[in-house]
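Down below is the structure, laid out as structure tokens.
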Amino acid sequence: MANISIFTDIQTLSQAVANLFIDNAILTIETKGRFSVALAGGSTPQESYELLASEKYSKLINWSQVYIFWGDERCVPPDHIESNYYMAWEAFLKYLPIPTTNIYRMEGERDPWEAAQRYQDKLMDFFGEIPRFDLILLGMGNDGHTASLFPGTKALFDSKVMVTANYIEKLSSWRITLTPLAINQASRIAFIVSGENKASTLNKVIHGKYKPDIYPSQLIKPVHGKLNWYIDKNAATHLHE
Ligand code: 6PG
């Protein structure tokens with residue numbers, strides 16, 4: 001059963017996500033000496049990332065033991081306004097003492113299939129056979145997609161790879177994405193969902209019939225880890241209907 005936390009607004013939601021990040025980082029660094037996190041793209045997590053770079057949060061962990069990955073990336077250069085790497089770099093990474101070698105960017109500027117293979121190789125080098133992220137942050141689109149796992153696309157049921165290229169017809173664009181196989185190995189997965197426009201879909205994803213081809217976020221079911229939903233009141237409007 002998913003653990004759902006509802007927050008008054010995006011500000012309190014973002015503080016909770018920043019606290020989750022830091023708490024997991026402190027615990028994991030203490031026990032394992034390193035903390036691996038895959039970041040969500042899109043706009044919702046931006047305020048959480050900005051908080052992590054603030055005085056209050058940034059001094060709480062040793063950033064040289066933090067390893068940054070992404071759940072997905074758009075096929076654009078790293079300095080492109082649409083790049084998930086660019087958003088995170090501008091929001092917090094550029095302000096923090098994280099060695100560049102700790103930042104594992106998906107190379108959106110490359111051929112999608114080549115970029116996917118290169119990222120899979122990086123994950124294998126870092127984790128070994130199975131990538132077990134300590135934390136994966138995910139957003140959800142109002143069509144029920146997460147990462148770049150969009151409804152009706154080929155990547156949804158790929159059970160052979162950890163990272164793949166995925167063509168998104170409705171966006172007429174390629175993406176690079178972790179597959180559910182990789183995401184579900186994480187120790188902790190946190191969805192971050194805000195806004196009334198996602199409320200109806202969110203209720204169907206959490207409480208509706210299992211239709212992962214239509215609602216790919218339903219594919220996210222950690223094998224060993226924990227799944228948390230961090231949502232604001234607006235996104236929770238239709239929960240339990
Ligand atoms: C992306 C994301 C995607 C995002 C959702 C929600 O590359 O766009 O990884 O899965 O998290 O589309 O986006 P918003 O937070 O902007 O609503």
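The values are calculated or read from the model by the stated rules, or taken from the named source; none is laboratory data. Everything numeric here is computed off the predicted structure, so don't read it as measured data. Reconstructed Cβ throughout: ideal geometry from the backbone, glycine too, with neighbour counts over all protein chains shown.
When you look at Gln117, is it in contact with a strand residue (DSSP E or B) (Cβ under 8 Å, 6 or more places away or on another chain) and more than 26 Å from Leu27 (Cβ to Cβ), yes or no? Answer is yes for this residue.
Could you tell me whether Glu90 is touching a helix residue (DSSP H, G or I) at 6+ places or on another chain (Cβ under 6 Å), crowded, with 16+ Cβ neighbours inside 10 Å, closer than 26 Å to Leu20 by Cβ and of a type in the set (Asp, Glu)? Give the steps one after another, and end with the answer.
Details: touching a helix residue (DSSP H, G or I) at 6+ places or on another chain (Cβ under 6 Å): no; crowded, with 16+ Cβ neighbours inside 10 Å: yes; closer than 26 Å to Leu20 by Cβ: yes; of a type in the set (Asp, Glu): yes.
No.
Among the residues of this structure, Ala16 counts as one that is within 26 Å of Asn234 (Cβ to Cβ), part of a helix (DSSP H, G or I) and either within 16 Å of the ligand (Cβ to nearest atom) or hydroxyl-bearing (Ser, Thr, Tyr) (or both). Condition check: surrounded by fewer than 17 Cβ atoms within 10 Å (Cβ to Cβ), within 16 Å of the ligand (Cβ to nearest atom) and among the β-branched types (Val, Ile, Thr). Does Ile68 satisfy that? No, not satisfied.
Of all residues in the range 81-96, those that are of a type in the set (D, E, K, R) have Cβ atoms under 6 Å from Cβ atoms of residues that are surrounded by fewer than 21 Cβ atoms within 10 Å (Cβ to Cβ), 6 or more apart or on another chain, in Glu82/Val76. Search the range 34-58 for residues being among the small types (Gly, Ala, Ser) and within 12 Å of the ligand (Cβ to nearest atom), and hand back the single one that is surrounded by the fewest Cβ atoms within 10 Å (Cβ to Cβ). That would be Ser43.
The set of residues in the range 14-33 being within 16 Å of Leu135 (Cβ to Cβ) and either at pLDDT below 95 or crowded, with 16+ Cβ neighbours inside 10 Å (or both) consists of Ser14, Ala16, Val17, Ala18, Leu20, Phe21, Ile22, Asn24, Ala25, Thr28, Ile29.
Taking each residue of the range 137-160 that is among the β-branched types (Val, Ile, Thr) and looking for partners that are near the ligand (Cβ under 8 Å from one of its atoms) with beta-carbon atoms closer than 9 Å, six or more apart or interchain, yields Thr146/Ala40; Thr146/Gly71; Thr146/Asp72; Thr146/Leu138; Thr146/Gly139; Thr146/Met140; Thr153/His145; Thr153/Arg175.
Evaluate the range 27-39: report whether one residue or more is assigned to a loop (DSSP other than H, G, I, E, B) and in contact with a helix residue (DSSP H, G or I) (Cβ under 8 Å, 6 or more places away or on another chain). There is at least one residue in the range 27-39 that is assigned to a loop (DSSP other than H, G, I, E, B) and in contact with a helix residue (DSSP H, G or I) (Cβ under 8 Å, 6 or more places away or on another chain).
Give the number of residues within the range 83-129 that are part of a helix (DSSP H, G or I) and more than 16 Å from Met162 (Cα to Cα).
Of the range 83-129, the ones part of a helix (DSSP H, G or I) are 84-91, 93-95, 100-102, 112-127.
If we keep only those that are more than 16 Å from Met162 (Cα to Cα) too, we end up with 84-91, 93-95, 100-102.
Count: 14.
Within the range 188-216, restricting attention to residues that are in contact with a helix residue (DSSP H, G or I) (Cβ under 8 Å, 6 or more places away or on another chain) and under 19 Å from Ala16 (Cβ atoms), which residue is surrounded by the fewest Cβ atoms within 10 Å (Cβ to Cβ)? Taking the candidates together, the pick is Arg188. Can you name the residue in the range 131-177 that is within 11 Å of the chain's Cα centre (by Cα) and within 10 Å of the ligand (Cβ to nearest atom) and, of all such residues, is farthest from Lys204 (Cα to Cα)? Top of the filtered list is Thr177.
Pick out, from the range 154-241, the strands (runs of 3 or more DSSP E) lying fully within it that include 2 or more residues that are modelled with pLDDT of 95 or more and under 27 Å from Ile10 (Cα atoms). So that I can check it myself, show each step before the final result.
On the way: elements: 163-168, 173-178, 188-193, 226-232.
Because the criterion is at least 2 residues that are modelled with pLDDT of 95 or more and under 27 Å from Ile10 (Cα atoms), the strands (runs of 3 or more DSSP E) in the range 154-241 that meet it are 173-178, 188-193, 226-232.
Here Arg188 fits the description: more than 10 Å from the ligand (Cβ to nearest atom) and charged (D, E, K, R). Considering only residues in the range 130-150 that are in contact with a helix residue (DSSP H, G or I) (Cβ under 6 Å, 6 or more places away or on another chain) and part of a loop (DSSP other than H, G, I, E, B), the one that is surrounded by the fewest Cβ atoms within 10 Å (Cβ to Cβ) turns out to be Asn142.
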